[in-house]
Amino acid sequence: MKTSPAHFPKIKTIAYEGPGAAHALAFRHYNPDEIVDGKSLSEHMRFSIAYWHSFRGTGSDPFGPGTIVRPWETGKDPVSVAKVRMNAAFEFHQKIRAPFWAFHDRDIAPEGSTLAQSNKNLEAVVAHAKQLQKATGVKLLWGTANLFSHPRYMCGASTNPDAHVFAYAAAQVKSALDATQELGGENYVFWGGREGYETLLNTNLKREQDHLAAFLHMAVDYAKSIGFKGQFLIEPKPKEPTKHQYDFDVASGIAFLRTYGLEKQFKFNIETNHATLAGHTFQHEIEVAASQNMLGSIDANSGDLLLGWDTDQFNTDVKELTLAMTSILKAGGLGSGGFNFDAKLRRPSIDAEDLFHAHIGGMDAYALAFKLARKILADGKFDSFVADRYASFDTGFGKDIATGKANFKSLEKLVLGKLGEPTPKSGKQEYLENLLNAYLHG
Ligand code: XUL
Ligand code: CO
């Protein structure tokens with residue numbers, strides 16, 4: 001299919017040139033064709049581009065309007081503009097060599113004055129996306145519905161005190177699921193949007209959580225009815241836009257899903273900036289999800305700890321990503337998930353070229369982290385240290401504790417008898433931090 005005229009005429013497909021690359025517009029660590037364990041790096045990383053940031057982001061912030069003006073934002077009506085914009089997006093995917101994309105319904109197609117009109121717009125753009133996917137080989141990592149921008153959702157969608165808003169949101173997600181299914185989406189994401197509260201003075205917390213669960217059950221049932229085989233994902237975030245979001249972090253997400261019998265249908269889409277907003281590290285959230293076999297996908301970005309809000313920056317922190325990668329690889333990878341760059345350009349980064357620099361930086365940092373994590377795991381030094389640290393639970397009375405054969409009385413007998421006082425053992429944190437630095441910096 002014809003996607004010309006080229007929207008990025010000055011930029012060629014980004015080549016892998018290795019760590020000594022002479023050009024800024026080249027990969028230093030991400031070689032999509034490199035084979036690792038019988039699979040290409042492209043297949044391992046499953047990089048995805050967030051449509052909302054890269055193709056709908058304008059650089060606006062609470063203090064001023066957008067700064068980024070794209071030449072492709074023209075056309076006779078909003079649906080035509082949406083299609084041209086999408087051509088630019090798929091050209092970008094090909095040049096940056098990202099095999100997946102992710103969208104909200106309202107990112108790709110304009111909201112109409114009625115739900116029927118919005119659905120019509122969405123269907124028209126989805127048909128266009130389907131052709132572009134076929135022509136380029138780019139696939140859909142996940143779809144989702146924007147249940148937070150329109151004023152009707154100011155008090156939430158499924159947790160809105162008005163059942164009418166719940167019904168509207170249900171109808172919207174029904175169409176978003178249809179769109180995701182039509183485009184072969186491998187996952188469907190629920191990020192809480194405004195599912196939370198500003199004040200308990202006007203909020204029935206229990207009812208809102210019950211309604212959120214009812215909504216998710218309806219989504220699961222509908223997905224089943226249309227034969228959608230993708231993975232459902234919850235994306236936790238502790239605050240912003242509401243003061244308290246119900247999907248606070250992975251641990252509270254697990255408790256919620258189990259409480260309402262949804263734990264078999266959902267995994268987690270973990271976002272770095274959301275983890276740090278919750279007072280956790282990125283790696284912590286991954287470990288908590290992995291510990292319950294609920295690690296699904298990653299929204300790859302970072303925050304700025306000095307700012308303290310969801311700045312959604314491209315992550316170039318190799319140390320943070322290497323630690324995260326060790327946990328992801330130990331968990332067996334992301335399955336149908338991927339690394340979705342839910343990250344946006346800084347407000348003054350107004351050139352089309354900046355979009356390339358941003359994604360090159362993110363992809364290279366993740367690819368390098370992947371390689372370092374593989375080396376760390378292959379060497380096994382940290383793993384054997386940790387295994388040794390818990391070895392007392394592998395034999396004797398420790399094994400009895402781990403296997404449920406011990407009890408307070410049997411243990412008391414041991415301590416009063418031959419065991420006596422335990423011998424303190426060092427946790428060796430500084431030694432381990434130095435070991436990690438040796439992997440990162442030689
Ligand atoms: C918001 C956020 C969303 C979700 C999709 O903080 O991360 O963009 O990823 O709704
Ligand atoms: Co996100």
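The values are calculated or read from the model by the stated rules, or taken from the named source; none is laboratory data. From a predicted model like this one, the values you see are computed outputs, not experimental measurements. Neighbour counts are summed over all protein chains in view; Cβ atoms, including those assigned to glycine, are modelled from backbone coordinates with ideal geometry. Heads up: the accessible areas ignore ligands, DNA and RNA and are worked out on the full protein's heavy atoms, side chains in. Shrake-Rupley method; radii C 1.70, N 1.55, O 1.52, S 1.80 Å.
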> What relative contact order, as a whole-number percentage, does region 296-437 give when Cα pairs under 8 Å and 6 or more residues apart are counted?
Replying inline: 22 percent
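Among 134-143, 419-428, what's the highest-first ranking by average C-beta atoms within 10 angstrom per residue? Write down the numbers at each step before the final one.
On the way: 134-143: 19.6, 419-428: 8.4.
Those peptides, ordered most packed to least, come out 134-143, 419-428.
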> About its Cα centre, what dipole magnitude does the chain give when the only charges are +1 on Lys and Arg Cβ and -1 on Asp and Glu Cβ, stated in debye to the nearest 20?
Replying inline: 680 debye
> All other residues with a Cβ under 15 Å from the Cβ of ALA171 taken together, and with Lys, Arg as +1 and Asp, Glu as -1, what is their net charge?
Replying inline: -2
> What 222 nm value per residue comes from the helices of the chain, counting each DSSP H run with n ≥ 4 as -39,500 (n - 2.57) and dividing by all residues, nearest 500 deg cm²/dmol?
Replying inline: -14000 deg cm²/dmol
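Percent relative contact order of region 114-187, based on C-alpha pairs within less than 8 angstrom and at least six residues apart? Mind dumping the intermediate values first?
Details: 60 pairs, mean separation 30.9, N = 74.
Reported as a whole number, the value is 42 percent.
Counting residues in region 265-345 as N, plug N into 2.2 N^0.38 Å and put the Cα Rg over that result. It would help to have the intermediate numbers written out before the result.
On the way: Rg = 11.9 Å, N = 81, 2.2 N^0.38 = 11.7 Å.
For region 265-345, the normalised Cα radius of gyration is 1.02.
Normalised by the number of residues in the chain, what is the relative contact order in percent for Cα pairs under 8 Å and 6+ residues apart?
Values: 698 pairs, mean separation 63.0, N = 442.
With pairs under 8 Å counted, the relative contact order is 14 percent.
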> What angle, in degrees between 0 and 90 and rounded to the nearest 10, separates the Cα long axis of helix 115-136 from the longest principal axis of the Cα atoms of the chain?
Replying inline: 80 degrees
> Going down the list LYS319/LYS425; LYS224/LYS344; LYS319/LYS381; LYS39/LYS239; LYS243/LYS267; LYS130/LYS344, which pairs span over 29 Å between their C-alpha atoms?
Replying inline: LYS224/LYS344; LYS39/LYS239
>> Please compute the per residue accessible area over the chain with all protein chains in place, 1.4 Å probe, rounded to a whole number of Å².
In response: 49 Å²
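Taking the mean number of other Cβ atoms within 10 Å as a proxy for protection, how do you rank 75-84, 394-403 from highest to lowest? Could you put the intermediate results ahead of the total?
On the way: 75-84: 14.8, 394-403: 12.7.
In decreasing order of mean packing, 75-84, 394-403 become 75-84, 394-403.
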> What order do you get for 200-209, 54-63 when each peptide is scored by the mean count of other beta carbon atoms within 10 Å, highest first?
Replying inline: 54-63, 200-209
> Under a straight-distance cross-link criterion of Cα-Cα below 18 Å, which aspartates and glutamates are reachable from LYS139, leaving out those fewer than 8 residues away in the same chain?
Replying inline: ASP33, GLU43, GLU91, ASP105, ASP107, GLU123, ASP178, GLU182, GLU186, ASP299, ASP342
